[in-house]
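Presented below is the structure to which this report refers.
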Amino acid sequence: MDVTELFSLKGKTALVTGAAYGIGFAIAEALASAGAKITFCCRSREHLDKALCDYSERGISAQGFLCDVTDEKQVGEMLEKIGGVDILVNNAGIIKRIPMTEMSADSFKEVVDIDLVAPFICSKAVIPGMIERGGGKIINVCSMMSELGRETVSAYASAKGGLKMLTKNIASEYGAYNIQCNGIGPGYIATPQTALLREPQPDGTRHPFDSFIISKTPAGRWGVPQDLYGAAVFLASRASDFVNGQILYVDGGILAYIGRQP
Ligand code: NAP
Ligand code: GCO
């Protein structure tokens with residue numbers, strides 16, 4: 001047998017939400033390179049147009065949609081245009097860093113809506129088609145905050161913890177239909193979402209959070225979106241057909257490490 005064939009995504013259609021740039025873009029690149037047809041969405045026209053150029057520069061003919069994944073109607077219309085989806089990557093996400101006692105319930109709900117309710121909406125919309133076609137793959141982009149808390153990210157941690165459990169529940173409820181739902185838990189990855197945490201201080205020294213993450217990561221560096229290529233292809237392909245309800249942490253070792261002794 002040819003093991004590399006196990007990782008081939010030829011003939012598969014993937015939808016990666018929020019794949020205009022950052023982690024979603026890298027995941028889409030990896031799936032395309034394994035042979036999948038790429039569709040993606042984001043909310044801003046400017047991001048969409050730039051992303052279409054970026055995909056095309058890399059030789060990827062991606063189909064892009066303006067779609068807010070919290071809106072069930074928009075998601076339904078997008079899926080009608082795409083046709084069948086074999087691989088769904090629930091990647092679109094936001095964070096708000098606000099101390100909990102200062103956070104409004106509306107802000108909290110906005111984060112939960114995008115980071116948790118939207119993966120429910122998108123998964124719910126593709127599962128019937130996957131069942132009809134005999135199976136499918138759903139990958140939820142989780143976080144260190146699916147396991148850990150920290151100051152200011154109560155909404156994000158609640159949503160990402162919930163997303164871990166939604167992953168296990170989809171696996172439990174639809175595993176019998178040959179649908180595998182797993183999560184990728186990226187560590188601290190250099191993208192626009194984390195740019196503020198890496199901004200150098202006025203005197204040119206590292207941001208304290210940047211130094212903190214480097215010391216907390218056994219790999220001794222921030223991740224880059226490309227670090228997620230392998231996990232994405234594995235979880236989207238036949239190679240993971242008996243893997244279900246798991247979160248694969250790609251974090252340079254953060255979750256294994258108690259931290260440097262003072
Ligand atoms: P990012 O750079 O901020 O990119 C987010 C993407 O999602 C953009 O394409 C954005 O485009 C889109 N988006 C946001 N809300 C959307 C909505 N309601 N509907 C459709 N698209 C939407 O974020 P990232 O760092 O690449 O993170 C991607 C995912 O990984 C998120 O779920 C994030 O929580 C998770 N994650 C990130 C890290 C990290 O260290 N960076 C670590 C662990 C997990 P528009 O603004 O045009 O909509
Ligand atoms: C934060 C960060 C994180 C990362 C990521 C970690 O403020 O702590 O933004 O939450 O984005 O999700 O895995």
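The values are calculated or read from the model by the stated rules, or taken from the named source; none is laboratory data. These numbers come from a predicted model, not from an experiment. Don't worry about glycine lacking a Cβ; one is built from the backbone with ideal geometry, like all the others, and counts go over all protein chains shown. Heads up: the accessible areas ignore ligands, DNA and RNA and are worked out on the full protein's heavy atoms, side chains in. Shrake-Rupley method; radii C 1.70, N 1.55, O 1.52, S 1.80 Å.
Cβ contacts < 7 Å: first residue without any contact (Cβ under 8 Å) to a residue 60 or more places away in the chain and under 9 Å from Ile184 (Cα atoms), restricted to the stretch 230-256; second residue assigned to a strand (DSSP E or B) and open to solvent by less than 50 Å² (accessible area, probe 1.4 Å), any location; separation 6+ or different chain. Result?
Going by the 7 Å Cβ cut-off, the qualifying pairs are Ala231/Ile184; Ala231/Val250.
Scan the stretch 134-146 and tell me whether some residue there is open to solvent by 50 Å² or more (accessible area, probe 1.4 Å) and either touching a residue at least 12 places away in the same chain (Cβ under 8 Å) or within 14 Å of ligand 1 (Cβ to nearest atom) (or both).
No, the stretch 134-146 contains no residue that is open to solvent by 50 Å² or more (accessible area, probe 1.4 Å) and either touching a residue at least 12 places away in the same chain (Cβ under 8 Å) or within 14 Å of ligand 1 (Cβ to nearest atom) (or both).
Checking Ile184 against (1) under 28 Å from Lys109 (Cα atoms); (2) under 16 Å from the mean Cα position of the chain (by Cα); (3) open to solvent by 50 Å² or more (accessible area, probe 1.4 Å): exactly one of these is not met. Which one?
(3)
In this structure, is Phe242 open to solvent by 70 Å² or more (accessible area, probe 1.4 Å), of a type in the set (A, V, I, L, M, F, W, C) and more than 16 Å from ligand 1 (Cβ to nearest atom)?
yes
Out of everything in the stretch 7-23 that is of a type in the set (Gly, Ala, Ser) and buried (at least 24 other Cβ atoms within 10 Å of the Cβ), what residue ends up being nearest to ligand 2 (Cβ to nearest atom)?
Among residues in the stretch 7-23 that are of a type in the set (Gly, Ala, Ser) and buried (at least 24 other Cβ atoms within 10 Å of the Cβ), the one nearest to ligand 2 (Cβ to nearest atom) is Gly18.
Tally time: how many residues in the stretch 170-206 are within 16 Å of ligand 1 (Cβ to nearest atom) and among the hydroxyl-bearing types (Ser, Thr, Tyr)?
Number of matching residues: 3.
Please go through (1) away from ligand 2 (no atom under 16 Å from the Cβ); (2) among the β-branched types (Val, Ile, Thr); (3) touching a residue at least 40 places away in the same chain (Cβ under 8 Å) for Thr101 and return the number of the only condition it doesn't satisfy.
Just one mismatch for Thr101, condition (3).
State yes or no: is Pro202 open to solvent by 30 Å² or more (accessible area, probe 1.4 Å), more than 16 Å from ligand 2 (Cβ to nearest atom) and without any contact (Cβ under 8 Å) to a residue 24 or more places away in the chain?
Answer is yes for this residue.
Looking at Cys142, Cys181, can you tell me which residue is more than 13 Å from ligand 2 (Cβ to nearest atom) and among the hydrophobic types (A, V, I, L, M, F, W, C)?
Testing whether each residue is more than 13 Å from ligand 2 (Cβ to nearest atom) and among the hydrophobic types (A, V, I, L, M, F, W, C) leaves just Cys181.
Please return the ranges of helices (runs of 4 or more DSSP H) entirely within the stretch 170-258 where 2 or more residues are outside the structural domain of Asp86 (by TED's automatic domain parsing).
Ranges flagged: 195-198, 208-216.
Can we say Met130 is crowded, with 22+ Cβ neighbours inside 10 Å and either over 25 Å from Ile213 (Cα atoms) or near ligand 1 (Cβ under 10 Å from one of its atoms) (or both)?
yes
Could you please let me know if Ser107 is surrounded by fewer than 17 Cβ atoms within 10 Å (Cβ to Cβ), more than 16 Å from ligand 2 (Cβ to nearest atom) and more than 24 Å from Arg238 (Cα to Cα)?
no
I'm trying to understand the selection: among the residues of the stretch 1-26, which are assigned to a helix (DSSP H, G or I), near ligand 1 (Cβ under 9 Å from one of its atoms) and among the aliphatic types (A, V, I, L, M)?
Ile23, Ala26
Could we say that Ile95 is closer than 20 Å to Asn182 by Cβ and touching a Phe, Trp or Tyr at 6+ places or on another chain (Cβ under 6 Å) here?
No.
Considering the stretch 34-62 alone, what residues qualify as being open to solvent by 30 Å² or more (accessible area, probe 1.4 Å), among the polar types (S, T, N, Q) and within 16 Å of ligand 1 (Cβ to nearest atom)?
Ser44
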